[in-house]
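Right, one structure below, let's go through it.
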Protein chains: 2
Amino acid sequence: MAQGTARKSDYSDKNDKANVLSLPLAAGQADREPHSYERWLLNKLMRMAGSPPIQFRLWNGDVIEPEQSPARFTLHLKDHKALYSLVANPNLAFGDLYSAGRLDVEGDLPDLMESLYRSVHAARQKWPRWLDALWRNHNPRSTGIAEAKENIHHHYDLGNEFYQLWLDQAEMQYTCAYYENADNTLEQAQLAKLEHVCRKLRLKPGMTVVEAGCGWGGLARYMARHYGVKVHSYNISREQLAFAQAESEQQGLDNLITYVEDDYRNITGQYDAFVSIGMLEHVGKENYPALSELIKRTLKPGGIALLHSIGRNHPMLMNAWIEKRIFPGAYPPSIGEFMAICEHSDFSVLDVENLRLHYAQTLNHWTERFEANADKVTAMYDEHFTRAWRLYLAGSVAAFRAGSLQLFQVVFTHGDNNQLPQSRQDLYTFPATPEGA
Amino acid sequence: MAQGTARKSDYSDKNDKANVLSLPLAAGQADREPHSYERWLLNKLMRMAGSPPIQFRLWNGDVIEPEQSPARFTLHLKDHKALYSLVANPNLAFGDLYSAGRLDVEGDLPDLMESLYRSVHAARQKWPRWLDALWRNHNPRSTGIAEAKENIHHHYDLGNEFYQLWLDQAEMQYTCAYYENADNTLEQAQLAKLEHVCRKLRLKPGMTVVEAGCGWGGLARYMARHYGVKVHSYNISREQLAFAQAESEQQGLDNLITYVEDDYRNITGQYDAFVSIGMLEHVGKENYPALSELIKRTLKPGGIALLHSIGRNHPMLMNAWIEKRIFPGAYPPSIGEFMAICEHSDFSVLDVENLRLHYAQTLNHWTERFEANADKVTAMYDEHFTRAWRLYLAGSVAAFRAGSLQLFQVVFTHGDNNQLPQSRQDLYTFPATPEGA
């Protein structure tokens, strides 16, 4: 199987100074017995985390039970250095240790993560300042034009074959699906999402659409195929664009779709609709005013814009491990932060919908398929990579279930545009889910 | 006809120092000829206002035509002092002069106001700082518990008979209606609004609801009648509550509805739903964190909250005349400002809908009925009052049409609540508009 061009080493950075404590023991080296203050440290750590129902099994087999409730999960710490690394910076070390196999989990991984998120969320209000400073997540790295290329390359150029193993077979959607009914399949829900987005944009044949960040091009194809609109789709992931272009040609849609390998900041022209699904997370707050001005000048007077993005209930830094290992530069905004885009250019917000639990369900479906193909993933990359992605997917399920992540679809238009839909009734006149998909 | 207890003199405060220039000439006193620099001043004023298609007719009959486009409207200035007053502070003086009959309008009043709003909105970006400072609107007055009573009394205690002359006959709704179809009557659209709100709250029989600011109690009665829920409704307008209580008893709904004459800040208990329609405008930004905490403690874990409020596309002060003469203490927030309520207590926003043009249509309907009853209004109060209200209604139509005001319905719940509706489809399964209303 052909592999993508992104470096798998990004997922196990052994030269990372912050992680120097977490270097494992040399192969074959026997670990010593745990000290009593190490037990004390783990107890303290769990109290700081709000006493979740988690017990520790140490490298010598000793078990440290939770203080307040019977254990539902077990964390297995495989060497004493892993313990210090975890206590020093749990936000980053949990993921690195798990990926390296030095921390293991017994019990359902998403359930454990959800339990941990909920308990930490409640507990962190009472943390002393020094602890919050010590463990804090950090500001995301730059999303300037040059850095954005690196950031996107890191994640999206891992290889189309990899993503094909676990994304939907319908349109390769790597964003939240829309489950009109709880028992919809992933394919149905992803097609329903595309349909829902098209309806929110009130597309009509002959209209023009510009798309900022197009993944493997599925939305553009759906729009061209079902709505007869002309689409310009921008993306800086070369692997994704190659796939998108080939599909578009094969389906005879290339007369309606232009895929452009360029940064969204270089969009030119004027369009009836501006749409961006799952790119805003990578834009960076400092670029919101510029994005706002870009939409202002590229959206026709009667046009509608839709941004679909992971978000927060209130401003919060990204988890350090996710930002460092999985999504460099990522930052999910609260609606208040998001409004910098709308308020900067006198846009009028027409509609905000939160699809949080739809993303938890999407991630459930991805996780099932990922696990069914875990051996293939390990063969394509390595065990470290598979474990990192297992944790990332499970942690994301958990974050959407626990409410630490949200999914917002925001529809807006120019402040002086009076050609508005009478209501949102037209979004719901017949099911968005295709029959038999 | 019985009158309310609010002072009509609030609408023509002759002792207002800011207005000393605008004192009219003594009765019978003949005005002098206009000076050439007075023409220059008016030309300058119109240029600052973005050169709208408006001409001036002066007190001696002279006409000053607009510089850039043929006149569609005429402003008649009836004395030279009115001119100085207008130039010194147009935001406040326009309303006061119009109310006093010293400024008159030829042409459609809402159309003129809309044209003026659009033109000023575009022009004000280029205003020199000193002009923005000179003409600026001001921060709204305090909305502390004691002051709120005065603020609300000023407007809502004008007399129920007055409001009955022009509000809908169905449920006396003094807030934005919901026009599923553009040709709905005011009664249909107000009932559809109540239905739409109940659906967004996902009410079921036996649930409990608390309402902050209940007007004449129409929503509470609708909820009790159609959804079988128990409602506690708070209001500090005594006139409105007397009406609400009498209606509830007459309709045999008083076993389900408790009207409470008290400030929303004194709400106690826990409820399945928290709803507030058209009160947030009177709350004051400085009280948003406290309101947030109030909702946090009064909303049950699985409960839904809905706030319906006039708003803005971006933060902006209230028009000085409206804040001073019509709605003391009022401030319509942008969504970004609104989010202080949701983000302060980790609420999760589920749904935002903007009904801007529905409010323009509601105000059209109110204006028609108001004009049909203008003689009765003058008989109840005086000509000054009728003119002030005519301008306020026309100016509001214009503000919603021009996009300087928005109408937001925001639905949210506790951040950790996972009992969420699958989608918004259930809001649209059958028309919210009653047949034959």
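Remarks
- Alpha-carbon Debye profile of the protein assembly as shown, log10 I(q)/I(0) at 0.05, 0.06 Å⁻¹: -0.34, -0.48
- Above-threshold pairs, the threshold being 22 Å between Cα atoms, out of B:Lys149/B:Lys200; B:Lys230/B:Lys300; A:Lys149/A:Lys200: B:Lys149/B:Lys200; A:Lys149/A:Lys200
- Cβ crowding within 10 Å ranks A:Phe162, A:Phe430 as A:Phe430, A:Phe162, fewest other Cβ atoms first.
- Karplus-based coupling profile of segment A:47-55, in residue order and whole Hz: 5, 5, 8, x, 6, x, x, 10, 9, with θ = phi - 60° in 6.51 cos²θ - 1.76 cosθ + 1.60 and x standing for Gly or Pro.
- Whole-Hz couplings from phi, Karplus 6.51/-1.76/1.60, listed for segment B:283-295; x for Gly and Pro: 7, x, 3, 5, 9, 4, x, 5, 4, 4, 5, 4, 5
- Viscosity 0.692 mPa s, 37 °C: Kirkwood-radius Stokes-Einstein D of segment B:238-327 over Cα pairs, µm²/s: 211
- Note on segment A:251-292 and segment A:370-386: Cα centroid distance 32 Å, given to the nearest whole angstrom.
- Judged by the ratio a/c of the largest to the smallest principal axis of the C-alpha gyration tensor, segment B:148-194 counts as prolate, that ratio being 1.5 or greater while a/b is larger than b/c.
- With a cut-off of 14 Å between beta carbons, the residues surrounding A:Ser292 carry a summed charge of -1, where Lys and Arg count +1 and Asp and Glu -1.
- Convex hull per residue volume in Å³, alpha carbons only, for segment B:191-296: 97
- Residue among B:His154, B:His35, B:His226 with the largest mean-square fluctuation in a Gaussian network model of chain B, springs linking Cα atoms under 10 Å: B:His35
- Other residues within the sphere of radius under 14 Å centred on the Cβ of A:Glu171, judged by their own Cβ, net out at -2 (K and R +1, D and E -1).
- Counting Lys and Arg as +1 and Asp and Glu as -1 over every other residue whose Cβ lies under 12 Å from the Cβ of B:Gly329, the net charge comes to -1.
- Helix content alone sets the calculated 222 nm mean residue ellipticity of chain B: runs of n ≥ 4 DSSP H residues at -39500 (n - 2.57) each, divided across all residues, give -12500 deg cm²/dmol.
- Histogrammed with a bin width of 5 Å, the alpha carbon distances of segment A:145-428 distribute as 1, 5, 12, 17, 20, 19, 14, 7, 3, 1, 0, 0 percent, first bin at zero.
- With the convex hull of the Cα atoms taken as the outline of segment B:269-368, the averaged projected area works out to 7.4 nm².
- Sorted ascending by nearby beta carbons within 10 Å, beginning with the fewest, A:Cys198, B:Cys214 become A:Cys198, B:Cys214.
- Residues considered: B:Trp389, B:Trp135, B:Trp216. Largest GNM mean-square fluctuation over chain B, using C-alpha springs under 10 Å, is found at B:Trp135.
- The label-point distance for A:Ala246 and B:Glu150, in a model that sets each label 7 Å from Cα toward Cβ, rounds to 7.5 nm.
- Each residue of segment B:314-319 is assigned a 3J(HN,Hα), and the resulting list reads 7, x, 7, 6, 5, 3 Hz, derived from the Karplus form 6.51 cos²θ - 1.76 cosθ + 1.60 (θ = phi - 60°), x at Gly and Pro.
- Placing a label point 7 Å from the Cα of A:Thr258 along the Cα-to-Cβ direction, the residues of segment A:202-220 with a backbone N closer than 20 Å are A:204-220.
- Estimated FRET transfer efficiency when R0 is 41 angstrom, pair B:Lys285-A:Asp183 (beta carbons, to 0.05): 0.40
- Under the criterion of Cα pairs below 8 Å and six or more residues apart, the relative contact order for segment B:148-254 equals 27 percent.
- Among B:Arg390, A:Arg129, the order by Cβ neighbours within 10 angstrom, fewest to most, reads A:Arg129, B:Arg390.
- Cα-based Rg / Dmax (Å) for segment A:129-259: 17.4, 60
- Those residues of segment A:23-50 whose amide nitrogen sits under 16 Å from the label point placed on A:Lys126, 7 Å along Cα→Cβ: A:43-50
- Largest-first principal axis extents of the Cα set of segment B:132-172 (Å): 44, 27, 14
- Cα-based radius of gyration for segment B:8-135, normalised by 2.2 N^0.38 Å, reads 1.04.
- Residues considered: B:Ala320, B:Ala148, B:Ala123. Largest GNM mean-square fluctuation over chain B, using C-alpha springs under 10 Å, is found at B:Ala123.
- Bins of 5 Å from zero: percent of alpha-carbon pairs in segment B:57-121: 4, 17, 25, 30, 20, 4, 0
- The protein assembly as shown: antiparallel DSSP beta bridges as a percent of all, rounded to 5: 50
None of the figures in this text is laboratory data; all of them are computed from the coordinates on show. As the structure is a computational prediction, the values presented were derived from the model and not from experiment. Every residue, glycine among them, receives a Cβ derived from its backbone with ideal geometry; neighbour counts consider all protein chains shown.
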